[in-house]
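**Student:** Below are the structure tokens for one structure; questions will follow.
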Amino acid sequence: PRPDVHPLPPGTHLLYAQSGKIEHVPLEGYDMKKDDAKAVLHLPEKVIIGVAYDCVEKMVYWTEITSPSISKASIQGGDPVEVIRSDIISPEGIAIDHLGRTMYWTDSVKDRIEVASLDGSLRRVIIDSDLINPRAIITDPPNGNLYWSDWNREAPKIETSYMDGSNRRVLVKDDLGLPNGLTYDPQSSMLCWADAGTHKMECMHPAHGDRRQVMEGLQYPFGMTSYGKNFYYTDWQRDAVVSVDHYAGRESDNFQPQKRTKLYGIATAYAQCPAGQNYCAVN
Amino acid sequence: DATQGTSGDCEPCPCPAGATCAVVPKTREVVCTNCPTGTTGKRCELCDDGFFGEPLVQSGAARACRACKCSDNIDPNAVGNCNRETGECLKCIYNTDGFFCDRCKKGFYGNALATNPTDKCKPCSCSPLGTVDRQTSCSQVTGQCQCLPNVAERDCSACQPGFFNLQSGNGCERCNCNPIGSTN
């Protein structure tokens with residue numbers, strides 16, 4: 001085996017929301033197997049915004065805004081189960097802490113960030129101030145960090161905190177437009193975002209603060225996820241999933257589903273959970 | 001069910017032209033899978049997010065899907081801007097409110113339909129000492145707060161001429177100056 005080629009576990013997919021459906025496209029290496037794209041879940045009456053994946057139980061989680069709620073279903077088939085249905089108005093981003101067995105979400109009307117167990121119990125508001133248009137949210141379970149974006153046109157920002165909401169800090173506030181998409185690349189320990197206002201994709205090291213541009217000229221990014229050397233984002237103008245080579249800093253491929261309508265959240269469904277220990281297990 | 005061997009095995013999809021359909025295995029329910037652009041739903045009867053209408057309603061009342069009509073007081077980067085059927089605006093910005101984001105929200109006044117966002121809706125900022133029950137809302141058009149007796153100004157922040165003691169919180173009192181010893 002070549003030392004520069006890392007064998008990939010079989011069966012990694014991208015999951016994305018489009019008009020009442022959660023679709024998937026398999027990844028072969030880092031390439032999208034476009035011909036094999038199909039719907040995982042059909043929810044014709046819903047408007048699905050955020051999508052997240054729990055690699056432990058192989059479940060997809062999503063937020064929905066027509067009858068505002070959070071639901072989950074097994075990606076191996078199975079009926080959707082509603083886990084949050086009350087006291088929620090406009091849930092957008094959702095993220096899973098697969099080690100802590102919790103989920104986090106943003107609500108853009110209540111302007112807050114909440115956490116709950118994966119069955120919806122033990123629910124708690126962790127951030128409820130200084131939020132205007134919170135959208136993307138992601139977790140970094142091995143390091144115990146939470147990241148989210150707020151596209152407030154007056155003062156867009158990307159923030160971080162511990163996973164209980166403590167130690168909240170603004171990471172990025174300059175030269176941001178509409179930071180709709182956010183992802184964390186565990187390999188490089190980089191926090192990366194896709195901005196529909198500046199039309200750029202950028203990364204920074206959360207601890208060191210150095211910031212660099214991956215590429216510019218994006219059209220209208222909404223959701224974002226990463227896998228290996230690639231970023232994948234959904235684009236509202238192109239109605240497509242676009243893959244970007246992180247290191248080459250350019251678009252490597254794109255997939256436009258047959259149906260032409262907006263794509264929302266996107267998540268990577270790993271065949272196996274990424275390596276990493278629970279921060280609580282070592283502390 | 002194509003396995004029965006009768007001429008009625010396959011039925012046309014109950015979907016608008018061009019759409020395909022599928023049968024949900026468990027419930028045997030037929031669902032359209034490829035609705036025309038801008039529409040969604042089991043029968044393609046709903047509009048996509050950001051649009052409203054009732055594209056499939058029979059009897060001539062059908063309304064094609066149109067972009068949310070919210071007086072330019074919504075943000076195109078937001079999701080769920082209006083109700084997909086009625087068009088009711090759900091995410092008014094610039095401190096506007098109402099079915100079409102066409103008026104100022106409580107506690108603000110001005111012209112929600114002004115072109116420039118800064119000219120739209122301004123906070124009432126009623127002076128608590130001069131306002132009845134310390135209300136925070138005002139006339140949506142003029143911005144006039146509801147003043148206590150003998151209190152003046154749009155925001156009830158001053159006494160009328162010849163009156164004093166706004167600080168009392170009960171309105172202003174007459175000065176009662178002796179006309180002989182006063183300058184005017």
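**Student:** Which of rounded, prolate or oblate describes the range A:171-283 when judged by the alpha-carbon gyration tensor and an a/c cut-off of 1.5? Mind showing how you got there, number by number?
**Tutor:** Values: a/c = 1.95, a/b = 1.32, b/c = 1.48.
Because a/c hits 1.5 or more and a/b fails to exceed b/c, the range A:171-283 counts as oblate.
**Student:** Further, regarding this structure: Given the pairs A:Lys173/B:Lys122; A:Lys38/A:Lys72; A:Lys259/B:Lys91; A:Lys72/A:Lys229; A:Lys157/B:Lys69, which are separated by over 22 angstrom at their Cα positions? Walk me through the intermediate numbers first.
**Tutor:** Details: A:Lys173/B:Lys122 27 Å; A:Lys38/A:Lys72 18 Å; A:Lys259/B:Lys91 27 Å; A:Lys72/A:Lys229 28 Å; A:Lys157/B:Lys69 29 Å.
Violating the 22 Å limit, Cα to Cα: A:Lys173/B:Lys122; A:Lys259/B:Lys91; A:Lys72/A:Lys229; A:Lys157/B:Lys69.
**Student:** Related question: Using alpha-carbon positions, what is the distance between the centroids of the range A:34-62 and the range B:124-169, in Å?
**Tutor:** 55 Å
**Student:** Considering Cα pairs under 8 angstrom that are at least six residues apart, work out the relative contact order of the range A:129-283 and quote it in whole percent.
**Tutor:** Numbers: 366 pairs, mean separation 23.3, N = 155.
Contact order relative to length: 15 percent.
**Student:** Let me ask something additional. How do B:Arg43, A:Arg124, B:Arg28 rank by accessible surface area computed with a 1.4 Å probe, from largest to smallest?
**Tutor:** Numbers: B:Arg43 90, A:Arg124 130, B:Arg28 160 Å².
Largest to smallest exposure gives the sequence B:Arg28, A:Arg124, B:Arg43.
**Student:** For A:Glu92, B:Glu45, give the ranking by accessible area with the largest first, probe 1.4 Å. Mind showing how you got there, number by number?
**Tutor:** Numbers: A:Glu92 5, B:Glu45 55 Å².
Sorted descending by solvent-accessible area, the residues read B:Glu45, A:Glu92.
**Student:** Where in the range A:161-179 does accessible area fall by at least 10 Å² between the isolated chain and the complete protein assembly, at a 1.4 Å probe radius?
**Tutor:** none
**Student:** Per-residue Cβ counts within 10 Å, from other chains only, averaged over A:131-137: what number is that?
**Tutor:** On the way: counts 0, 0, 5, 0, 3, 0, 0.
Mean number of neighbouring Cβ atoms from other chains: 1.
**Student:** Using a 1.4 angstrom probe, figure out how much accessible area chain A has per residue, in square angstrom, rounded to the nearest whole. Working shown, then result.
**Tutor:** Details: 11630 Å² over 283 residues.
Result: 41 Å² of accessible area for each residue.
**Student:** OK, next. Across peptide B:31-39, what mean number of C-beta atoms from other chains lies inside 10 Å of a residue's C-beta?
**Tutor:** On the way: counts 3, 2, 5, 2, 5, 1, 4, 3, 2.
Counting other chains' Cβ atoms within 10 Å and averaging over B:31-39 gives 3.
**Student:** How much solvent-accessible surface does B:Ile93 expose, in Å² to the nearest 10, with a 1.4 Å probe and all protein chains in place?
**Tutor:** For B:Ile93, solvent-accessible area is about 50 Å².
**Student:** Students sometimes get this wrong: rank A:Asp107, A:Asp119, B:Asp72, B:Asp97 by accessible area, probe 1.4 Å, all chains present, largest first. Don't jump to the answer; show the numbers that get you there.
**Tutor:** Working: A:Asp107 0, A:Asp119 100, B:Asp72 135, B:Asp97 65 Å².
The most accessible residue leads, giving B:Asp72, A:Asp119, B:Asp97, A:Asp107.
**Student:** For B:Glu173, tell me the accessible area in Å² from a 1.4 Å probe, rounded to the nearest 10.
**Tutor:** 90 Å²
**Student:** What FRET efficiency would be calculated for the residue pair B:Arg66, A:Asn167, taking the C-beta separation as r and a Förster radius of 45 Å, to the nearest 0.05? Write out the running numbers ahead of the final one.
**Tutor:** Working: r = 46 Å, r/R0 = 1.03.
Efficiency, from the Cβ-Cβ distance: 0.45.
**Student:** Another question about this same structure. Fully extended, how many nm does the chain gain between B:Glu85 and B:Asn116 (0.36 nm per residue separation, minus their Cα-Cα distance)?
**Tutor:** Values: separation 31, 0.36 × 31 = 11.16 nm, distance 2.93 nm.
Difference between extended and current length: 8.2 nm.
**Student:** What are the ³J(HN,Hα) values, in whole Hz, obtained from phi via the Karplus relation 6.51 cos²θ - 1.76 cosθ + 1.60 with θ = phi - 60°, for each residue of the range A:212-219 in sequence order, with x given for Gly and Pro?
**Tutor:** Each residue of the range A:212-219 in turn: 9, 8, 8, 7, 10, x, 5, 8 Hz.
**Student:** How big is the B-A contact in terms of buried accessible area, both chains counted, 1.4 Å probe, rounded to the nearest 100 Å²? Walk me through the numbers on the way to the answer.
**Tutor:** Values: alone 11800 and 12500 Å², together 22460 Å².
Adding both sides of the contact gives about 1800 Å².
**Student:** How large is the Rg to Rh ratio of chain A when both quantities use alpha carbon positions and Rh follows Kirkwood? Mind showing how you got there, number by number?
**Tutor:** Values: Rg = 17.2 Å, Rh = 18.6 Å.
Over the Cα atoms of chain A, Rg/Rh equals 0.93.
The values are calculated or read from the model by the stated rules, or taken from the named source; none is laboratory data. All figures in this text were calculated on a predicted structure; none of them were measured in a lab. Cβ coordinates were reconstructed from backbone atoms using ideal geometry, including for glycine residues, and neighbour counts include every protein chain displayed. The protein model used for the area step is the full one, side chains on, heavy atoms only, and it has no ligands, DNA or RNA in it. Shrake-Rupley method; radii C 1.70, N 1.55, O 1.52, S 1.80 Å.
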